[in-house]
Every structure is written in C-alpha cells, then in structure tokens.
Amino acid sequence: MGLLWFACWASLTIPLAVQAQTPVGRPAKRWVYDQASRPAGAWRMGQRRATIGAEGGPAQFWMIAGVIILEDGSIVVADNGSSEIRVFDGKGTHLRTFGGAGRGPGEFAGLWSIWLAGGFLVGVDASEETQTFSLAGKHLRTGQPLVSPSGQRMTRAGYFADGTALGYHFEPMTNAPSGESVRSMALYRQDRDQLRSLGRFPGRLIHREGSQQPASVVYGPRARVVVVDTIFCVGYPDTYAFACFTPSGEALFEVTRPGVVGRSVTQEDEETFFHGIDVANPGPRGEEYRQRMRQTTKFSRTLPPYGRMVASNNGDIWVGEFVPADETLGVMNPSPTAPTKWSVYSSAGVWLSDVTLPARFRLMDAGQDFVAGVERDENDVERVAVYELRRR
C-alpha cells in the first residue's frame, strides 16, 4: 500500500500536502531522464585544496558534525566530540573557535549539526536546541526546539535563504497493520514565530509482527529532504524520483529516472548493518540488544536507487547513490568503501552532470568549484578534505 501511495505521488495524481495551508497542485515541469538520457556536462574532481586533520590542537576532531565553506573560502567545521565550531582559512590554518560543551548561552549539549542560515551560523544540539552565531563567532541568540502542533519534536532539515527553518517529524503509527506499511512524515516551516504546515509525505517503510512495535525496514525507502536556497525538495526513493517546492509548499518540478534501480540486498550488506549495531552497543551490557536486533531486524529486498541529498552553496542539488554504511548506526560519518556516484541537478531540475567521489569520503558541502567533506583513514581517524570541482 505504501509503495503504491508513492507511485501515485510520482505520477502526480494526488496532492502531497494533505494538511497544507497553502496550494500545492501539479509541478509546472516534470523531468523524465530515461536510460538514453545524458547529463549536460561531465564534471570531475580536481586537485586537493586543503586537508585539515592532525593529532592534538584544533585540527583534531572526534565525530565531525558538519562542514561548510563560506563565500571567502573559510572552512567551518562542527566537531561533535568537543561541541565546538572551528573556523579555518582556505588552506587549513586555524582562525578561531567558538561554542563548546555545556548548557549556557552559545554552548551545546552535544553539537549535532550546523547550518548557514540567512548569513549566520546555526548549530543544533542533540535536543534540537539551537545556538546562532555571526560568521565571526559572536553568539547572538539561543533557540528552542521546533515542536509540531501535536507536540512532537521535529528535526531540522535545513534553512532557506531568508533564515527560516524547515523541520519534519515522522508521525506515530501505533495502529500500524501487520507486515509492511509506510509511516508518514509531516513537514513544517518556521516562519518567524509561527509554524506553517507544508503537508504529509511518505516517510519510511516499516514492518510489524504481531503485537511488536513497528520497526523501520533496514535499507528500505525513507524520505529524503533538502533545502536549497529558496526551495525544498522531497523524495521517497522506492523509485528514483523527487519533487521540489517553494517555501510555501507550491509544487515547482519533479525529477524521475525510471532506468535507475537499486541492487539486491546481500548478506554482506546485512552484516555491515549488524557490525554498526555491535560498534554502537559494545560489551556485555549490549549483548541482549545486539541479539534482539539480529532476531527481529527486517531488511529490504533491494537497496533504494538513491541515498543522500545535499544542497550546494550555489543552488544545485546533489543526489548520491545509496551507501549501506549510512545505516550502520555505529559512527556519525560512515565511510563508503568504494567510490560513490552523484548526480547534480540545477534548482530548476536540469541534470547538470554526474560526479564520482572517492572511497572513504563523505560529502558535506559543494559549490561552483569545490566539493568538501569528511575522509576516514584505515584507522577511522577523521579529517576534512576540500577538492577542486572541474566543470566542463
């Protein structure tokens, strides 16, 4: 039932925003890229511009929570382990540090993500409380978590160019039927002091057996949300499709790739997931949980045809192939063991190019002439890497 629901959405036969307060309607444009389609360009990665990572000092990180490249080339790194925001110049020289662990103004109870919002830096902690700073590191204000009208705490998906936030939460399914079904996702935009509903979307595939609580199907389709300057895009990758909207929820365009499908889930994929469970729950105290997960986990039959969506700072949409390590739960930045292929689309839906990123590199930011992310070496030590992006 859930998969048919999404298929209906992909073919534009139902309005997505069931609870929306603004019109949605049909996208003005539908881009269908079949197996004969080719992107407009052939971009590739160039030379390494900067590497930030060293033992001791501000270039040593423990679980990088975000990397942002500013207009002047400065590199902003959010470090979860220290709850600090560290700024380096374009060559990797440390400039300043702010934030820090704690519960006071400008401090984080676990720095979980960082965003560029209307010319300011916004750090988000594990409780979804925010700290806003100027680009120079001056603390400006503390923000409370986004809470839906039904009282559910939301996760921030990003910020529009005007500084307003997009948040989402997965709706409860206590009455989920036995077997597989789809748990919906509700989207809201924080417009000043008001939450504006943008509707309900297919959220994640779940499975329920008997009286057990429903659990997400591992490697099953799950909603992907990205904010790109003045639009947001949502996909539920049962098939290769996503749609983009204005901040008020009006449909703009849809992209579909009918020839792109996910491969079958292998035994190695399943063990990759359980390895992450083992890493996150070590020792005798975690044994019961580890065994229960091995007994109750349900895997999808095939991997989704795409995985993460990343917004570039020049308004492009990067859509990457699905990486099983993304769902290992063991580390914040799981490393793909092989190079990953990303397709880049304009903010109007034009397929601009494909770009292959190296193994053990996790994309965090991209722009007109760069890609930036987190690399992990053979000892799982993290460092920031910035590469040239050559367009042609």
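The values are calculated or read from the model by the stated rules, or taken from the named source; none is laboratory data. Since the structure is predicted, the reported quantities are computational estimates derived from the model, not experimental observations. Cβ atoms come from the backbone with ideal geometry, glycine included; neighbour counts cover every protein chain shown. Protein only, heavy atoms only, side chains kept; ligands, DNA and RNA dropped before computing areas. Shrake-Rupley method; radii C 1.70, N 1.55, O 1.52, S 1.80 Å.
For region 137-166, name all the residues that are touching a Lys or Arg at 6+ places or on another chain (Cβ under 8 Å) and free of Cβ contacts under 8 Å to residues at least 24 places away in the same chain. Result: Pro145, Val147. Among the residues making up region 300-323, a single one is open to solvent by 20 Å² or more (accessible area, probe 1.4 Å) and in contact with a helix residue (DSSP H, G or I) (Cβ under 8 Å, 6 or more places away or on another chain): Arg308. Restricting attention to region 350-386, the residues that are under 26 Å from Val32 (Cβ atoms) and open to solvent by 10 Å² or more (accessible area, probe 1.4 Å) total 5.
In region 190-202, of all residues being farther than 13 Å from Val234 by Cβ and part of a strand (DSSP E or B), the one that is farthest from the chain's Cα centre (by Cα) corresponds to Gln194. Looking only at residues of region 223-233 that are surrounded by fewer than 24 Cβ atoms within 10 Å (Cβ to Cβ) and of a type outside the set (Gly, Ala, Ser), we find that the one that is nearest to Arg257 (Cα to Cα) is Arg224. Looking across Phe120, Phe133, one residue alone is touching a residue at least 24 places away in the same chain (Cβ under 8 Å), more than 18 Å from the chain's Cα centre (by Cα) and open to solvent by 20 Å² or more (accessible area, probe 1.4 Å). It is Phe120. Within region 266-295, the residues that satisfy the criterion of being touching a helix residue (DSSP H, G or I) at 6+ places or on another chain (Cβ under 7 Å), open to solvent by less than 60 Å² (accessible area, probe 1.4 Å) and more than 13 Å from Val323 (Cα to Cα) are Phe274, Ile277, Asp278, Asn281, Arg290, Met293.
In region 254-265, the condition of being in a strand (DSSP E or B), open to solvent by less than 70 Å² (accessible area, probe 1.4 Å) and of a type outside the set (Ser, Thr, Tyr) is met by at least one residue.
Among the residues of region 129-143, is any aliphatic (A, V, I, L, M) and either modelled with pLDDT under 95 or within 15 Å of Ser82 (Cβ to Cβ) (or both)? Looking for residues that are aliphatic (A, V, I, L, M) and either modelled with pLDDT under 95 or within 15 Å of Ser82 (Cβ to Cβ) (or both), one finds none in region 129-143, hence no. For region 200-215, a tally of residues being surrounded by fewer than 18 Cβ atoms within 10 Å (Cβ to Cβ) and either free of Cβ contacts under 8 Å to residues at least 12 places away in the same chain or under 19 Å from Glu327 (Cβ atoms) (or both) returns 3.
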